[in-house]
Amino acid sequence: DAKTTQPTSMDCAEGRAANLPCNHSTISGNEYVYWYRQIHSQGPQYIIHGLKNNETNEMASLIITEDRKSSTLILPHATLRDTAVYYCIVRVGGSNYKLTFGKGTLLTVNP
Amino acid sequence: ETGVTQSPTHLIKTRGQQVTLRCSSQSGHNTVSWYQQALGQGPQFIFQYYREEENGRGNFPPRFSGLQFPNYSSELNVNALELDDSALYLCASSHLAGGGDTQYFGPGTRLTVL
């Protein structure tokens with residue numbers, strides 16, 4: 001699985017959009033970009049995933065660059081409950097491959 | 001539809017003992033993966049079970065073993081516990097079919113080895 005690079009930490013004001021970047025310059029053509037988050041001492045929560053097109057669901061939007069070497073997770077209106085560690089993971093989809101977690105980005109939403 | 005559940009929530013053991021952790025997969029899922037998360041680190045893959053067979057293993061010694069049952073629930077067994085085994089143990093279930101295999105995690109079991 002390709003490696004990812006994320007900032008160690010980010011801050012965001014409550015009510016504003018949180019934009020979390022991820023670099024995955026060695027991604028392969030059959031690898032998806034997955035995002036999970038983990039609120040302190042809880043199990044990771046699946047957020048969204050995509051291959052090449054931008055994706056949106058009720059939680060977030062995922063913007064993938066045309067060359068697929070980077071992506072951005074967007075939380076449109078961050079709340080205090082969005083404070084968590086966010087993990088960007090690339091893996092082959094449809095294969096039961098393991099998830100390889102890095103250290104993620106600690107997003108702190110401030111009032 | 002019930003999510004992934006794990007038991008127990010917390011567990012305290014002493015070095016050298018054995019422990020069994022349990023995971024019930026989400027309804028309709030046929031795969032369970034186990035991860036270990038040490039304090040301050042991201043989860044590390046232990047192994048995966050697909051249709052009752054081990055389907056991949058991470059860099060963990062043989063004293064970490066597992067089972068998957070016909071109802072797709074799973075157990076993680078750790079023998080000869082060491083202090084470094086203290087961690088949050090997570091299971092994730094998924095369903096491999098038609099390209100959809102997103103893993104959904106349970107709340108975890110916090111194991112403390114004294």
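When the stretch A:52-70 is filtered for residues that are more than 21 Å from A:SER28 (Cα to Cα) and either in contact with a Cys (Cβ under 9 Å, 6 or more places away or on another chain) or assigned to a loop (DSSP other than H, G, I, E, B) (or both), the ones remaining, listed by number, are A:ASN57, A:GLU58, A:MET59, A:ALA60. Name the residue that is farthest from the other protein chains (Cβ to nearest Cβ), counting only residues in the stretch A:2-21 that are surrounded by 15 or more Cβ atoms within 10 Å (Cβ to Cβ) and within 24 Å of B:LEU39 (Cβ to Cβ). Here the answer is A:MET10.
Would the stretch A:24-41 turn up any residue that is of a type in the set (Lys, Arg) and over 22 Å from A:THR108 (Cα atoms)? It would help to see each step written out before you state the result.
Within the stretch A:24-41, the subset of a type in the set (Lys, Arg) is A:37.
Checking the rest, the ones that are also over 22 Å from A:THR108 (Cα atoms) come to none.
Looking through the stretch A:24-41, none of the residues is of a type in the set (Lys, Arg) and over 22 Å from A:THR108 (Cα atoms).
Filtering A:ILE39, A:ILE74, A:ILE64 for residues that are within 13 Å of chain B (Cβ to nearest Cβ) and under 25 Å from A:ASP11 (Cβ atoms) leaves a single hit, A:ILE39. For the stretch A:1-51, the tally of residues that are over 10 Å from the mean Cα position of the chain (by Cα) and either aliphatic (A, V, I, L, M) or outside any loop (DSSP other than H, G, I, E, B) (or both) stands at 18.
Only a single item in (1) within 21 Å of B:GLY3 (Cα to Cα); (2) touching a residue at least 24 places away in the same chain (Cβ under 8 Å) is not met by A:ASN57, and it is number (2). Of B:SER24, B:SER93, B:SER73, B:SER65, all but one fail to be within 14 Å of chain A (Cβ to nearest Cβ), over 17 Å from A:GLN38 (Cα atoms) and surrounded by 13 or more Cβ atoms within 10 Å (Cβ to Cβ); the exception is B:SER24.
Just for the stretch B:27-45: of the residues that are assigned to a strand (DSSP E or B) and more than 9 Å from chain A (Cβ to nearest Cβ), which one is nearest to B:ARG15 (Cα to Cα)? Selected residue: B:GLN36. Annotation note: of B:GLY66, B:GLY42, the sole residue that is in contact with a Phe, Trp or Tyr (Cβ under 7 Å, 6 or more places away or on another chain) and without any contact (Cβ under 8 Å) to a residue 24 or more places away in the chain is B:GLY42.
Of all residue pairs spaced 6 or more apart or on separate chains, those with beta-carbon atoms under 8 Å, a first member in the stretch B:1-21 that is charged (D, E, K, R) and a second member that is surrounded by 12 or more Cβ atoms within 10 Å (Cβ to Cβ) and in a strand (DSSP E or B) are B:LYS13/B:VAL19; B:LYS13/B:LEU111; B:LYS13/B:THR112; B:LYS13/B:VAL113; B:ARG15/B:VAL113.
Exactly one residue among A:PRO44, A:PRO76 is surrounded by 14 or more Cβ atoms within 10 Å (Cβ to Cβ) and either at negative phi or touching a residue at least 12 places away in the same chain (Cβ under 8 Å) (or both), and that residue is A:PRO44.
Every read-out reported here was derived from the displayed coordinates using simple, explicitly stated rules and does not represent laboratory data. On a predicted model such as this, the values are computed, not experimentally measured, just so you know. With ideal geometry, Cβ positions are generated from the backbone for all residues, glycine too; neighbour counts draw on all protein chains shown.
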